[in-house]
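A.B. asks: This structure is in structure tokens; I'll ask about it shortly.
The values are calculated or read from the model by the stated rules, or taken from the named source; none is laboratory data. All values derive from a computational prediction rather than experimental measurement. Methodologically, a virtual Cβ is constructed for each residue, glycine included, from the backbone with ideal geometry; neighbour enumeration extends over all protein chains shown. Accessible surface areas use protein heavy atoms only, side chains included; no ligands, DNA or RNA. Shrake-Rupley method; radii C 1.70, N 1.55, O 1.52, S 1.80 Å.
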Amino acid sequence: MLSIAPIIIIALVSVYIFRNVKTYLELRDFGGPWSAGWTRLWLLRCHLSGSIHTKFTEINNKHGSTARVAPKMLVTSDHELVRRMNAIRSPFTRGPWYTCLKLHPESENIACYTDEDKHNDMRSRMSHGYSGKENVHLEQDIDDLIIQMLDLIEKEYVAKPENGLFRRMDLAKVTSYFTLDIISKVAFGEPFGFLAANDDPFGYAANLKQILPAIGWFGVYHELTNILRIPFIKSSLPSSMDKRGLGRVMGFARERILERFGDEAIVRQDMLNSFIKNGLTQLELEGETMLQISAGSDSTASALRIITHFISTSPPILERLLTEVDEAIVAGRISRPVIKNSEALQLPYLQACIKEGLRVYPPITGMLAKMVPKGGAKIDVDGVEKYAPSGTQIAWNSWGLMRNTEIFGPDADIFRPERWLASDNIVEMREHRLKMEETLSLVFGYGRFGCLGKMVANMELNKALIEVCVNAFAVENAAD
Ligand code: HEM
């Protein structure tokens, strides 16, 4: 009797080939690496290389402003398409890519919900806490930690040539300690203590480095997130009972949350209080604090690092900024001991430096892939209309968006804050600047998916950069 096994194998292989060919043909109009049309391995390699931003930009420059990077996955550097997908009434939704942002084994968070209603509901309940309206200590909390960071720099890192003392500071570490302490202070009222220890007291950074590649895997092979439900794998994930690493950070956040419940509950008008007031459960709060810690710290630290790096290594830029700061101090437009956010917003060169830093090194380069709705979508690729079927995911290429030479000029790869200072008296220059501003604003996302922590991030950058200039670069009148 003929064995049935070969028939089953042939049938399965045929179905597999048929499905792959169908998927390949569906996006055949879009350019991209050939292998990326057949397998997700190209995208995985790209993710794990740590150079996803430059690889995506090469792809968009070579194969068009929207190109294929995996079966059913496109990437775009077209600002109009990004705005269209994120707009309030857009039929595009979050793609399955977002499931990789679930950071807590038990609880989801606002950044990973793919259910639109749930996401909208959480966003409306959480926006007051993020906006500062229900977070009255926000500015003072940031000021306190700026003073602590400056003390640390003064004590541990300022050179004393007269004593033959020259010291090096790891900007990456200090900026991370600063933003991690800020996020824990503004989110749940107590800094983790990174600045006080001038160290990573929980082993958080090292653990995060180990875990980050997993996010790459889960973003590309989103089906893998299901294995996290298997009991023995689940039990090996970070837990709030851990003594070190991400788990210890979860534990710290959990302790702060528990302090807000019960008979002797702490009451403090901050983000946590606002979320509780708006009905978030204890478990939801745990998921959200994990997101705040990861979304809110590394992004802002990365911006702070890059802007400080460019300012301090470009003498003409540093000099112009110091002159602006010096004049403002003399005119009494910079409060002591820490500049007010409203005052920093009135310093045009500072604002130009911040915009330029966020532009040349956008802190978020993850894919943030949105999904084409039922019925598919027509996509304009450099003047040619192409069709993407329903279920296709479209990732953003933030690096490519921010280095578009048509928008930012032929020197888009260069850090040049002056590009933001064009005279508003000349109509074309004003229009050009507005176009740049519109595109830059996408660095914080847009519309119904826009960053909720934008105001907090900007406040940190405004204050920290000025105070580092005043203190570390010793502006003349600072001591007065
Ligand atoms: C320079 C710093 C920052 C940048 C560039 C940035 C950028 C972004 C981007 C691009 C998104 C995703 C938009 C999307 O899904 O399409 C996002 C989401 C988010 N960010 Fe930020 N972010 C920064 C700082 C912060 C801070 C400090 C916080 C917390 C205080 C924060 C909280 C959030 C939250 C909660 C979301 C999810 C919003 C939602 O799902 O509706 N971010 N951010």
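A.B. asks: If a residue must be over 17 Å from the mean Cα position of the chain (by Cα) and among the charged types (D, E, K, R), how many such residues does the stretch 208-226 contain?
C.D. replies: So the answer is 1.
A.B. asks: I'm trying to understand the selection: among the residues of the stretch 323-348, which are within 18 Å of residue 471 (Cβ to Cβ), in a helix (DSSP H, G or I) and small (Gly, Ala, Ser)?
C.D. replies: 328, 344
A.B. asks: Provide a single number: the residues in the stretch 323-340 that are over 24 Å from residue 313 (Cα atoms) and surrounded by fewer than 19 Cβ atoms within 10 Å (Cβ to Cβ).
C.D. replies: Residues meeting the conditions: 8.
A.B. asks: Just give me the residues in the stretch 307-322 being surrounded by 15 or more Cβ atoms within 10 Å (Cβ to Cβ) and assigned to a helix (DSSP H, G or I), in sequence order.
C.D. replies: Start the filter on the stretch 307-322 by keeping residues that are surrounded by 15 or more Cβ atoms within 10 Å (Cβ to Cβ), which leaves 307-312, 314, 317-318, 320-322.
Selection gives 307, 308, 309, 310, 311, 312, 317, 318, 320, 321, 322.
A.B. asks: Still on this structure, I have one more. Is one or more of the residues making up the stretch 10-31 in contact with a Ser or Thr (Cβ under 7 Å, 6 or more places away or on another chain) and open to solvent by 40 Å² or more (accessible area, probe 1.4 Å)?
C.D. replies: no
A.B. asks: Among the residues of the stretch 166-177 satisfying the criterion of being more than 12 Å from the ligand (Cβ to nearest atom) and not charged (D, E, K, R), which is farthest from the chain's Cα centre (by Cα)?
C.D. replies: Top of the filtered list is 166.
A.B. asks: Is the stretch 66-79 home to any residue that is in contact with a Cys (Cβ under 9 Å, 6 or more places away or on another chain) and either open to solvent by 20 Å² or more (accessible area, probe 1.4 Å) or part of a helix (DSSP H, G or I) (or both)?
C.D. replies: no
A.B. asks: Right, another one. Please go through the stretch 175-206 and pick out each residue that is free of Cβ contacts under 8 Å to residues at least 40 places away in the same chain and either touching a helix residue (DSSP H, G or I) at 6+ places or on another chain (Cβ under 6 Å) or within 20 Å of residue 137 (Cα to Cα) (or both).
C.D. replies: 177, 181, 193, 194
A.B. asks: Among the residues of the stretch 412-444, count how many are within 27 Å of residue 111 (Cβ to Cβ), open to solvent by 80 Å² or more (accessible area, probe 1.4 Å) and free of Cβ contacts under 8 Å to residues at least 40 places away in the same chain.
C.D. replies: Matching residues across the stretch 412-444 total 0.
A.B. asks: Further question on the same structure: For the stretch 286-315, name all the residues that are within 11 Å of the ligand (Cβ to nearest atom) and among the acidic types (Asp, Glu).
C.D. replies: Those that are within 11 Å of the ligand (Cβ to nearest atom) and among the acidic types (Asp, Glu): 288, 298.
A.B. asks: Name the residues in the stretch 127-157 that are in contact (Cβ under 8 Å) with a residue 60 or more places away in the chain, of a type in the set (S, T, N, Q) and open to solvent by 20 Å² or more (accessible area, probe 1.4 Å), would you?
C.D. replies: Correct list: 127, 131.
A.B. asks: Out of (1) more than 30 Å from residue 94 (Cβ to Cβ); (2) without any contact (Cβ under 8 Å) to a residue 40 or more places away in the chain, what's the single condition that is false for residue 345?
C.D. replies: (2)
A.B. asks: Could I ask something else about it? Assigned to a helix (DSSP H, G or I) and modelled with pLDDT under 90, is that true of residue 148?
C.D. replies: No.
A.B. asks: Identify, from the list 450, 400, 409, 383, the residue that is touching a residue at least 40 places away in the same chain (Cβ under 8 Å) and surrounded by fewer than 20 Cβ atoms within 10 Å (Cβ to Cβ).
C.D. replies: 450
A.B. asks: Here is a check on your reading of the model: is residue 49 closer than 26 Å to residue 218 by Cβ and hydroxyl-bearing (Ser, Thr, Tyr)? Walk me through it before giving the result.
C.D. replies: On the way: closer than 26 Å to residue 218 by Cβ: yes; hydroxyl-bearing (Ser, Thr, Tyr): yes.
The answer is yes for residue 49.
A.B. asks: Another one. Among what's in the stretch 113-165 and is in contact with a Leu (Cβ under 7 Å, 6 or more places away or on another chain) and away from the ligand (no atom under 14 Å from the Cβ), pick the residue that is nearest to residue 464 (Cα to Cα).
C.D. replies: Step by step, filter the stretch 113-165, then rank; the result is 149.
A.B. asks: Which residue pairs have Cβ atoms closer than 7 Å, lie 6 or more positions apart in sequence or on different chains, and pair a first residue in the stretch 103-121 that is without any contact (Cβ under 8 Å) to a residue 24 or more places away in the chain and open to solvent by 30 Å² or more (accessible area, probe 1.4 Å) with a second residue that is of a type outside the set (Gly, Ala, Ser) and within 11 Å of the ligand (Cβ to nearest atom)?
C.D. replies: So the pair list comes out as 114/94; 114/98.
A.B. asks: Can residue 100 be described as open to solvent by less than 30 Å² (accessible area, probe 1.4 Å) and touching a Leu at 6+ places or on another chain (Cβ under 8 Å)? Before you say what the answer is, go through the steps one by one.
C.D. replies: Details: open to solvent by less than 30 Å² (accessible area, probe 1.4 Å): yes; touching a Leu at 6+ places or on another chain (Cβ under 8 Å): no.
Criteria not met by residue 100.
A.B. asks: Tell me, yes or no, whether the stretch 42-65 has at least one residue that is open to solvent by 30 Å² or more (accessible area, probe 1.4 Å), over 30 Å from residue 251 (Cα atoms) and in a loop (DSSP other than H, G, I, E, B).
C.D. replies: Checking the stretch 42-65: at least one residue is open to solvent by 30 Å² or more (accessible area, probe 1.4 Å), over 30 Å from residue 251 (Cα atoms) and in a loop (DSSP other than H, G, I, E, B).
A.B. asks: Pick from 37, 64: which is touching a residue at least 24 places away in the same chain (Cβ under 8 Å) and either in contact with a Gly (Cβ under 8 Å, 6 or more places away or on another chain) or closer than 28 Å to residue 361 by Cα (or both)?
C.D. replies: Going through 37, 64 in turn, just one is touching a residue at least 24 places away in the same chain (Cβ under 8 Å) and either in contact with a Gly (Cβ under 8 Å, 6 or more places away or on another chain) or closer than 28 Å to residue 361 by Cα (or both): 64.
A.B. asks: Return the residue satisfying two criteria in turn: it lies in the stretch 94-134 and is in contact with a His (Cβ under 7 Å, 6 or more places away or on another chain) and aromatic (Phe, Trp, Tyr), and of such residues it is nearest to residue 451 (Cα to Cα).
C.D. replies: By that ranking, first place goes to 113.
A.B. asks: All but one of (1) of a type in the set (A, V, I, L, M); (2) within 25 Å of residue 202 (Cβ to Cβ); (3) away from the ligand (no atom under 13 Å from the Cβ) hold for residue 334; state the number of the condition that does not hold.
C.D. replies: Single failed check for residue 334: (2).
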